[in-house]
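**Q** Take this structure first; my questions come after.
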Amino acid sequence: MIRAPEGFAALITAAGRGARAGDGPPKQWRDLGGQPVLDRTLAAFAGFSRIVLVVHPDDMAQALNRYAGRVTLVEGAATRAASVRAGLMALSGQASHVLIHDGARPLVPDTVIQGVIDALMQGAPAAAPALPVSDALWRGAKGRVTATASRDGLFRAQTPQGFVLDRIIAAHRAYPQDAADDVELALKSGIEVAITPGSEDNLKITFPADFARAERNLGGAMDIRLGNGYDVHAFGPGDHVTLCGIRIPHDAGLVGHSDADVGMHALTDAIYGALAEGDIGQHFPPSEPQWRGADSAIFLTHAAGMARNKGFRIGNADVTLICEAPRIGPHAPEMAQRLAAILGIDAARISVKATTSEGLGFTGRREGIAAIATATLIKE
C-alpha cells in the first residue's frame, strides 16, 4: 500500500451509471472476486489521509452505510467533469495535491500511483499514467477500413491523474464544459502534464467482458477447492488386497461391501468433499446390492466426472496408506499411474505413499488398513 505524502489527497469518481457494463447494478457496486469493485478501488488509496468519494445521489445511502467515517462523500452531477468539480470543491484548501481516479479501475498497481506521486513531488504541475499505443490504427466506416493512421506519439490514458490542487480547480472553473478526463482540461488551461508509466493491469471496467478479465488479473480470486478423505477397512480372509486399483498379494484380504480399496475410497471422498457433495455412501449406498464387490474405480470415475461437470480440473492428489503390511513402496508408482488414468491427469500430479503407526492402534496391531487423501480442484 502506498503511503501518500502530507498534503496529497485522492478523489475517486464513482457517480456514473455504467450502462455499457450490461444488466445489473452500476459497475462500481458489482462483485469482483468477492468484493464490490469500489471496495477494491478504495483499498488501493487507503494510504491517503484524505479521500473524497463522489457517488450518484441514488447511491448515497449505500455509500454512507459502507464508507461513512472512512471517506468524505460527495454527490455527483450530470457529467463526469461536474462530478469531479464537486469533489474538488470539497478538497479546496484541504490539500496541496490531488490524484483523481476512476472508481471503475479497481486493480491499479501501487507502482502506477507512486509514479504519479513522484512526478508531482519532483515539481510537475500535473502527471498522468499512460501506455504507448502499440497496435496498428485504422479509420473505418460502415464496417470497412477507410484509411490507416500513425500511432507515433499516441498513448492510452489511465488514472490516477495527479495535479497541483489549486491549478486543476482553476482549470475546471475556466472550462466548465464536460471533458474526457482531467488532463484535457489541464491542457486547455496551459498546464504541462508529465506522462508516467501505466500498467496493463490498470484496466477500466466498461463492458461485461471486463469483469472476467479483471477476475483473471486478480489471480487470488481463482476458485480453488481442497478436499480431504479418510477411510478404514479391516483385514479378513483372502490372499490379496486391492489398494489404489492395484492387486497386491497378502496373507489376508480387506473386508468391505465393494472391493474395499481403502486408498481409492479416501481419494474419492476427498474429491466429493472439495465439491461439497457428501461422500461415497451418499452416491453409492452400501445398502444397494449392485455395489457389492464393485470395482472402486467406478466411484472415483464418478467423482472425477462430477468435478469436470462443475467446471473443475484436478490439480493434484495425495494419498497416504497407513499399515504395517503389505509393503506399499514397490507398488506406489503403479498405483499413481492407475489413479492418474482414472482422473485423467498426469501421474506426476499424483502422490501415493505409506507410513506405519509404530505398532499403535488397530493398524499397528495389523487389524486393518487406513488411508487419508487430499485433492485439489481448480475452476477452469
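Please treat every number below as a calculation from the coordinates, not as lab data. The shown structure was predicted, so the numbers you read here are calculated from the model rather than taken from an experiment. FYI the Cβ positions are ideal-geometry reconstructions off the backbone, even for glycines, and counts take in every protein chain you see.
**Q** Hey, what angle do you get for helix 262-274 against the long axis of the chain, alpha-carbon based, 0 to 90 degrees rounded to 10?
**A** Tilt of helix 262-274: around 20 degrees.
**Q** Right, something else. On a 0 to 90 degree scale, rounded to 10, what angle separates helix 297-309 from the longest Cα axis of the chain?
**A** 10
**Q** Net charge around SER96, counting only other residues with Cβ within less than 14 Å of its Cβ (Lys, Arg = +1; Asp, Glu = -1)?
**A** 0
**Q** Could you rank the peptides 142-149, 229-236 by their average count of other C-beta atoms within 10 Å per residue, with the highest value first?
**A** 229-236, 142-149
**Q** Of all the C-alpha pairs in region 188-305, what % are more than 17 Å from each other?
**A** Details: 4690 of 6903 pairs.
Above the 17 Å cut-off, region 188-305 has 68 percent of its Cα pairs.
**Q** Please list, or write none, the lysines whose alpha carbon is within less than 17 Å of the alpha carbon of LYS204, excluding same-chain residues fewer than 8 places away.
**A** Reachable lysines: LYS27.
**Q** What percentage of all Cα-Cα pairs in region 224-379 are separated by more than 23 Å?
**A** Considering region 224-379, 31 percent of its Cα-Cα pairs are separated by more than 23 Å.
**Q** Give the calculated FRET efficiency between ASP152 and GLU334 to the nearest 0.05, with a Förster radius of 56 Å applied to their Cβ-Cβ distance. All intermediate terms of the calculation are to be shown ahead of the outcome.
**A** On the way: r = 63 Å, r/R0 = 1.12.
So the FRET efficiency works out to roughly 0.35.
**Q** Let me ask something else. For region 243-305, what does the convex hull of the Cα positions come to per residue, in cubic angstrom?
**A** Spread over its residues, the Cα hull of region 243-305 gives 73 Å³ apiece.
**Q** Assuming R0 = 41 Å, can you tell me the calculated FRET efficiency for the pair SER92 and LEU226, based on Cβ-Cβ distance, to the nearest 0.05?
**A** 0.20
**Q** Could you order the peptides 105-114, 42-51 from most to least packed, using the average number of other C-beta atoms within 10 Å per residue?
**A** Highest to lowest by the protection proxy: 105-114, 42-51.
**Q** Taking the simple approach of a point 7 Å from Cα along Cα-to-Cβ for both ALA180 and GLN35, what is their distance in nm?
**A** About 3.1 nm separates the two model spin labels.
**Q** Let me ask another. Of the GluC sites (Glu not before Pro) in region 177-267, which ones lie in a loop per DSSP and count no more than 14 other C-beta atoms within 10 Å?
**A** Here the sparse-neighbourhood loop sites are GLU192, GLU200.
**Q** Provide the FRET efficiency to the nearest 0.05 for the ASP251-SER357 pair, computing r from the beta carbons and using R0 = 25 Å.
**A** 0.85
**Q** Would you work out the relative contact order for region 224-379, in percent, from Cα pairs under 8 angstrom that are 6 or more residues apart?
**A** Reported relative contact order: 33 percent.
**Q** Could I ask something else about it? Any idea what the dipole of the chain comes to, in debye rounded to 20, about its Cα centre with Lys/Arg Cβ at +1 and Asp/Glu Cβ at -1?
**A** With only Lys, Arg, Asp and Glu charged at Cβ, the dipole is about 1240 debye.
**Q** Okay, next question. Extending each Cα 7 Å along its Cβ direction at ARG366 and GLU192, get the distance between those two points in nm, one decimal.
**A** 8.9
**Q** Contour minus end-to-end for ALA43 and ALA325, with contour as 0.36 nm per residue of separation and end-to-end as the Cα-Cα distance?
**A** Roughly 95.9 nm would be gained on extension.
**Q** Please sort 152-164, 245-257 by packing, taking for each peptide the average over its residues of neighbouring beta carbons within 10 angstrom, highest first.
**A** Final packing ranking: 152-164, 245-257.
**Q** In degrees between 0 and 90, to the nearest 10, how far off the longest principal axis of the chain does helix 165-174 point, with axes built from Cα atoms?
**A** 60
**Q** Please list, by residue number, every one of the trypsin sites (Lys or Arg not before Pro) in region 320-349 that is coil in DSSP and has at most 13 other beta-carbon atoms within 10 Å.
**A** Qualifying residues, ordered by number: ARG327.
**Q** Continuing with this model, one more query. Fewest to most neighbouring Cβ within 10 Å: what's the order for MET121, MET1?
**A** MET1, MET121
**Q** Pairs of alpha-carbon atoms within less than 8 angstrom and 6+ residues apart define the contacts here; what relative contact order does the chain have, in percent? Show your work: numbers first, answer last.
**A** Numbers: 803 pairs, mean separation 53.8, N = 380.
Relative contact order of the chain: 14 percent.
**Q** Which trypsin sites (Lys or Arg not before Pro) from region 56-110 combine a DSSP loop assignment with at most 11 other Cβ atoms within 10 Å?
**A** Of the trypsin sites (Lys or Arg not before Pro), the ones in loops of region 56-110 whose Cβ has at most 11 other Cβ atoms within 10 Å are ARG70.
**Q** What is the distance, in nm, between label points placed 7 Å from the Cα along the Cα-to-Cβ direction at LYS310 and at ASP346?
**A** For the pair LYS310/ASP346, the computed spacing is 2.5 nm.
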